[in-house]
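Asker: Handing you a structure now.
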Ligand code: HEM
C-alpha cells in the first residue's frame, strides 16, 4: 500500500511540474536567483532552515533575490525600507497583499472565511476590522478584561511559588496560561478545567503540522489523496477534528447562550457585530463561517507567537543579568510590590518597552511570515516580480541587517532609548526599521494584544521573582540560530530558577 501511495504521489508531482512547465512562462528581469537543479529548482537548498538559507542568499545576492521550486517562483525582500515600500506604496499595495490557495484556507477556514489564510479583496478588509473590534475587548483601558488577566497572572505566580526556588521549565506554565487567556478572551469565562488550554493547543499544533511543506505540496497537487487511507488523510482528519472541538466549545456554546446587550467575549462581540451589520433582508456579510474562521485565527495566530515571545524574553534576560536588574528597578520604582502591573503603567516604563522591542528584533521569531501572492506583473527596484510569484518577507535578515543594526547579534535594549532613557519615538529610523508585525493591509491584527500580554507577563514575573539561571540543569544558549525552525521559531527547552522577592 505504501509503495503504491508513494508512486501515485511522485507521479502526480511530476505531472504537475510538467503541466506548469508547459505553460508559457516568459520570465522577465527577475531578481538574481541562486542556481538550482533541473525541475526541482532550489528545493534542496530550502530543506533545512529556510530562514538561515535566505540569510545566506541575502549576503550573496543583496536586498531582493528570487528562487524557484518546481517552477513556482518566489521573491524574497530582505530590507526594511523595501518591505515597507512593496507592501504599502499606493501603486504596489493593491497587487502585493493577496495570499495563495492553501489547504488551511480552503478546508480549515471554510473556504477562506478568515483573515490569516483568506484571500485579499473587500471582505478581507472588513474581516480585519471585525477582528480588531472583537480584540478591542482586550485593548488598553478595558478594565474588566484586564482584571481577568490579572487573576490568571496571580494563578501563574502561585504555580511558580510552588516550585520552591528550584529549577523548572517555564514553557509548561506559560503555554498553559496563554492558552487559558485565549479561552477567556473567546468566551469571557474563567477556565473551568485544564482541558481548555489543551484543546486550544491541539488545534494550533495540528494546523502547524498541516503547514509542513511536503503535506502542503501534496495537497496542492493531489487534494483527492485526502480521501485515501494513509498519512495525508490522517493529517486532514486530525486538523479538522481539532478545529471542530474548538468550534463546538467556543462558537456553538456562545451562540446558544448569547443574550443581546451582553458581550462576554470575542465570540459575543462578533455575533453582536453580525446583528448590527444585517441588511433589510436580515442577511449579514459577516456569516457564521466568518465568525468561526476568526476563532481559528485567534487560536493559531495568537498562541504560539505570544507564548514563544515570552519564553524567548525570559531566556534572553536570565542570560543578561544587568538588563534583568535594570528591569527589576523600573518595575519596583514604578509599580512597587503592593499591586499588580496594569497596562496604564507601560507609558512610564520605557526600559521594559525597549526590552520587548529588542527581544522581538533579536529573535525575529516570526522569521518568514506566510507568503504574499503577487497578483500581476509588477516593476520593483529595477526588477520584474511576475504575477503569481510568492513574496516572502525575510524578517530574519531585516532584523539583523548590519547596515541598520550595530552589532545585530547583541541583545541591547538600550538601542531603543535616547540619551535621557526615553523610548525612541515610532517615527525614528530604528523604530521604522522594525517590521515585527508586518506592515500595511496584511499587518498583524494581534499586535496590541501581543504587546500587552508580553508587558503584563514580564512585569508580573519580575515584580514577584528574582529570575535566574538554573542550578541543576545545563545553561541553554539564547542565540536564536539554535531555535527550532517550525513556522515560528521556538527556543530549546530550558530551565530557570525563580526566587520570590522578599
Ligand atoms: C509576538 C507576537 C506576534 C508576532 C511577532 C506576530 C507577527 C505577525 C506577522 C509578521 C504577520 C504577517 C504579516 C504579513 O503577512 O505581512 C502576522 C499576521 C497575523 N497575525 Fe500576528 N503576530 C503576533 C501575535 C498575534 C496574535 C496574538 C494574533 C491574534 C490575536 C495574531 C494574529 C495574526 C493574524 C490574523 C494575521 C494575518 C493578518 C492578515 O493576513 O491580514 N498575531 N503576525
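What follows is calculated from the coordinates using simple rules that are stated; it is not laboratory data. On a predicted model such as this, the values are computed, not experimentally measured, just so you know. Positions of Cβ are backbone-derived with ideal geometry, glycine not excepted, and every protein chain shown enters the neighbour counts.
Asker: Sorting 199, 431 on the 10 Å Cβ count, fewest up front, what's the list?
Answerer: Working: 199 19, 431 13.
Ordered from fewest to most neighbouring Cβ atoms within 10 Å, 199, 431 come out as 431, 199.
Asker: Over all alpha-carbon pairs of the range 239-353, lay out the pair-distance distribution in 5 Å bins, whole %, shortest bin first.
Answerer: 2, 9, 13, 13, 13, 10, 10, 11, 11, 6, 2, 1, 0
Asker: While we're on this one: Between the helical axis of 231-247 and the dominant principal axis of the chain, each derived from Cα atoms, what acute angle in degrees is found, rounded to the nearest 10?
Answerer: Around 40 degrees separate the two axes.
Asker: Here's a follow-up. Which FRET efficiency value, to the nearest 0.05, is calculated for residue 329 and residue 208 with the Förster distance at 45 angstrom and r the Cβ-Cβ distance?
Answerer: Taking R0 as 45 Å, the efficiency between residue 329 and residue 208 is 0.70.
Asker: I need the semi-axes of the equivalent ellipsoid of the range 111-249: take the C-alpha gyration tensor, multiply each eigenvalue by 5, square-root it, list largest first in whole angstrom.
Answerer: For the range 111-249, the ellipsoid semi-axes come out as 33, 23, 12 Å.
Asker: Let me ask something else. Determine the distance separating the Cα centre of the range 148-197 from the Cα centre of the range 59-93; give it in Å without decimals.
Answerer: Here the answer is 40 Å between Cα centres.
Asker: Could you give the length gained on full extension between residue 278 and residue 407, defined as 0.36 nm per residue of separation minus the Cα-Cα distance, in nm? Can you show the working numbers first?
Answerer: Working: separation 129, 0.36 × 129 = 46.44 nm, distance 5.44 nm.
Full extension of this stretch gives 41.0 nm more.
Asker: Here's something else I'd like to know. Once you treat every alpha carbon in the range 343-460 as an equal point and sum by Debye, what is log10 I(q)/I(0) at q = 0.19, 0.20 Å⁻¹?
Answerer: The Cα Debye sum returns log10 ratios of -1.10, -1.19.
Asker: Mind sorting 444, 374 by how few other Cβ atoms lie within 10 Å of their own Cβ, fewest first? Write out the running numbers ahead of the final one.
Answerer: Details: 444 19, 374 24.
By the 10 Å Cβ count, ascending: 444, 374.
Asker: How compact is the chain by the rule of thumb for globular proteins, expressed as Cα Rg over 2.2 N^0.38 Å?
Answerer: In units of the globular-protein estimate, the chain measures up at 1.00.
Asker: Give me the three principal axis extents of the range 336-384 from the C-alpha atoms, as integers in angstrom, largest value leading.
Answerer: Here the Cα extents, ordered largest to smallest, are 60, 20, 18 Å.
Asker: Once the Cα atoms of helix 2-22 and of the chain are each reduced to a long axis, what angle between those two axes, in degrees from 0 to 90 to the nearest 10, is obtained?
Answerer: That works out to roughly 70 degrees.
Asker: Where does the range 249-312 land on the Kirkwood hydrodynamic radius, alpha-carbon pairs, in angstrom?
Answerer: When all Cα pairs of the range 249-312 are included, the Kirkwood radius is 13.1 Å.
Asker: Between the helical axis of 195-210 and the dominant principal axis of the chain, each derived from Cα atoms, what acute angle in degrees is found, rounded to the nearest 10?
Answerer: 30
Asker: Counting other beta carbons within 10 Å of each residue's own, what order do 29, 255 fall into, fewest first? Before the final figure, lay out each step's value.
Answerer: Values: 29 9, 255 13.
Taking fewest neighbouring Cβ atoms as first place, the list is 29, 255.
Asker: If you bin every alpha carbon distance in the range 313-394 into 5 Å steps from zero, what whole percent lands in each bin?
Answerer: Result, from short to long distances: 3, 12, 15, 14, 11, 8, 8, 7, 9, 7, 4, 1 percent.
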